[in-house]
C-alpha cells in the first residue's frame, strides 16, 4: 500500500519555516509531487528562489534553517555507567 500524495506537481503550497521562537509562512509552488516526509523542490513565489523542504501535510512543505542540529549518541560499546566512569576519573 502506498502513502497518498499530499502535494502535487505545480500545486500552490504553504512553505513553513520554523526556528526556536519563530514560525514564518510564505506561498510557494511545488516542482514535484510528494507524500508525507518526502523532500521535494519548491519555488518561493515571492523571491522566485528554488528551495528544498519536507512535505508535512496536505499542501504544506516545511523548510529548515539549514543549520546543523547537534544530537548526542552513544557508541554501541558504551553504556551510561562507562561514560560516568570516564568523567569520574
Item to check | Extension gain (nm, one decimal) between residue 27 and residue 62, 0.36 nm per residue minus Cα-Cα | outcome: 11.4 nm
Checklist entry - Contour minus end-to-end for residue 36 and residue 17, with contour as 0.36 nm per residue of separation and end-to-end as the Cα-Cα distance? => result 5.2 nm
Checklist outcome for this item: From fewest to most C-beta neighbours within 10 Å, the residues 48, 3 line up as 48, 3
Checklist entry - Separation of segment 43-62 and segment 1-33 by C-alpha centroid, Å? => result 5
Item to check | Förster-model FRET efficiency, 22 Å R0, residue 45 and residue 3, C-beta, rounded to 0.05 | outcome: 0.25
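Treat the count of other C-beta atoms within 10 Å as a stand-in for reagent exposure and order 13, 26 from fewest to most. Intermediate results must be reported in sequence, preceding the final value.
Values: 13 26, 26 14.
Fewest-to-most ranking of 13, 26: 26, 13.
Considering Cα pairs under 8 angstrom that are at least six residues apart, work out the relative contact order of segment 1-65 and quote it in whole percent.
Values: 160 pairs, mean separation 22.3, N = 65.
For segment 1-65, the relative contact order is 34 percent.
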Item to check | Likely footprinting exposure, 31, 15, fewest C-beta neighbours within 10 Å first | outcome: 31, 15
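Every number in this text was worked out from the coordinates using simple rules, so none of it is lab data. Keep in mind that what you see is a predicted model, and the values were worked out from it rather than measured. Reconstructed Cβ throughout: ideal geometry from the backbone, glycine too, with neighbour counts over all protein chains shown.
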